[in-house]
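Chemist: Next up is a structure, given as C-alpha cells.
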C-alpha cells in the first residue's frame, strides 16, 4: 500500500520556468491538500480539494495553480517559478469522514528556484 | 483567527515521559485538537486527536483540560527516535492549520 506518493522528489528550476508537481493517493480519499514548508517553519496550506473537479485556496495560494481531474491525483503547478517559491512541498490526503480528520502525508518534493 | 500556541523547544531524557503542552484558548466547542509530528525532513505523521475526553493510543496519550483551553501530549517512554517537531493543530472546516510546533530533543 503506497499511501501518498509525490513526484518528483527533487527539482531545480530557473526563474521563470514552469513545472507541475504530482500527488497520487491510493486510499480513495476525497480530500487532498498541498502545503509548503520553509526552513524552520511550520506547514502552510497552498490549495486544497474536497473532491474530484473541485479546488479551493488556502493560506498562500498566489503563484500556484492546482487541478483535480481524477480523484486519486492532485496536481500543483508553478507557471513562472520565482526564488521565493524555493521550499519543500508536501501533499496530503484524508477521508471525508467528519470524525476523523487524519491527514496522510507524502515524503515531500524539494524545489529550488535559482 | 483562532490558533494554538506551543513552546518553541523542549528536551527530555530517554526513557522518561515527555509532556508537551499546547494552548488553544479560542477553540470552538465542536473542534477537535490534533497532534502530528515531523521527524527530520519527512512528511508529518498523525499521532492522536481528541475533543473533550482524554485519549490514548499506541503512540501517546492526550490530556485535554475540562475547559478545553489547553491540552498535553504525553509520550510515556521517550526514545531517541521520538526526536521531532510536534504540532498541536486545530481543525477549521475541511482544513487543518499548522503552527510552528515544539522541537522535542531526547537526550541519551
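Just so it is clear, none of the values below were taken in a lab; they were calculated from the coordinates. Small disclaimer: the values here were computed from a predicted structure and weren't measured. Cβ sites come from the backbone with ideal geometry, for glycine too, and all protein chains shown count toward neighbours.
Chemist: Rounded to whole Å and sorted largest first, list the principal axis extents of the Cα atoms in chain A.
Modeler: Principal extents (Cα only, largest first): 41, 29, 27 Å.
Chemist: Sort B:90, B:14, A:79 so that the residue with the fewest other Cβ atoms within 10 Å of its own Cβ comes first and the one with the most comes last.
Modeler: Values: B:90 22, B:14 15, A:79 12.
Fewest-to-most Cβ neighbours within 10 Å comes out as A:79, B:14, B:90.
Chemist: Further question on the same structure: How much of the calculated P(r) for the stretch B:35-108 lies past 14 Å, in percent of all Cα pairs?
Modeler: Numbers: 1694 of 2701 pairs.
For the stretch B:35-108, the share of Cα pairs beyond 14 Å comes to 63 percent.
Chemist: If you take each beta carbon of peptide A:40-48 and count the beta carbons of other chains within 10 angstrom, what is the mean? Mind showing how you got there, number by number?
Modeler: Values: counts 3, 4, 10, 11, 2, 4, 0, 0, 2.
For peptide A:40-48, the averaged partner shielding equals 4.
Chemist: Return B:79, A:5, A:86, B:102 ranked ascending by Cβ neighbour count within 10 Å, so the fewest neighbours appear first. Could the numbers behind the result be given before it?
Modeler: On the way: B:79 11, A:5 14, A:86 17, B:102 21.
Final ranking by Cβ density, sparse to dense: B:79, A:5, A:86, B:102.
Chemist: Once fully extended, how much extra length lies between residue B:100 and residue B:42, figured as 0.36 nm per residue of separation less the alpha-carbon to alpha-carbon distance?
Modeler: Details: separation 58, 0.36 × 58 = 20.88 nm, distance 1.56 nm.
Separation in residues times 0.36 nm, less the Cα-Cα distance, equals 19.3 nm.
Chemist: Still on this structure, please answer the following. Please average, across the residues of B:77-89, the number of beta carbons from any other chain that are within 10 Å of each residue's own beta carbon, and give a whole number. Could you put the intermediate results ahead of the total?
Modeler: Details: counts 0, 0, 0, 0, 0, 0, 0, 0, 2, 0, 2, 0, 4.
The per-residue average across the peptide is 1.
Chemist: How far apart, in nanometres, would the label points at residue B:14 and residue A:50 be if each is projected 7 angstrom from Cα along the Cα-to-Cβ direction?
Modeler: Placing both labels 7 Å along Cα→Cβ, they lie 4.7 nm apart.
Chemist: Please report the spacing between the Cα centers of the stretch B:1-33 and the stretch A:6-32 in Å, no decimals.
Modeler: 31
Chemist: Tell me, what is the FRET efficiency for residue B:63 and residue A:80 to the nearest 0.05, using R0 = 35 angstrom and their Cβ-Cβ distance as r?
Modeler: Numbers: r = 48 Å, r/R0 = 1.38.
Efficiency at R0 = 35 Å is approximately 0.15.
Chemist: Ok, one more. Tell me, what are the semi-axes, in whole angstrom and largest first, of the equivalent ellipsoid of the protein assembly as shown as set by the roots of 5 times the Cα gyration tensor eigenvalues?
Modeler: On the way: eigenvalues 183, 80, 49 Å².
One finds semi-axes of 30, 20, 16 Å for the protein assembly as shown.
Chemist: Going by how many other Cβ atoms sit within 10 Å of their own, how do A:46, B:48 line up, fewest first? Let's see the in-between values first.
Modeler: Working: A:46 24, B:48 20.
So the residues, fewest neighbours to most, are B:48, A:46.
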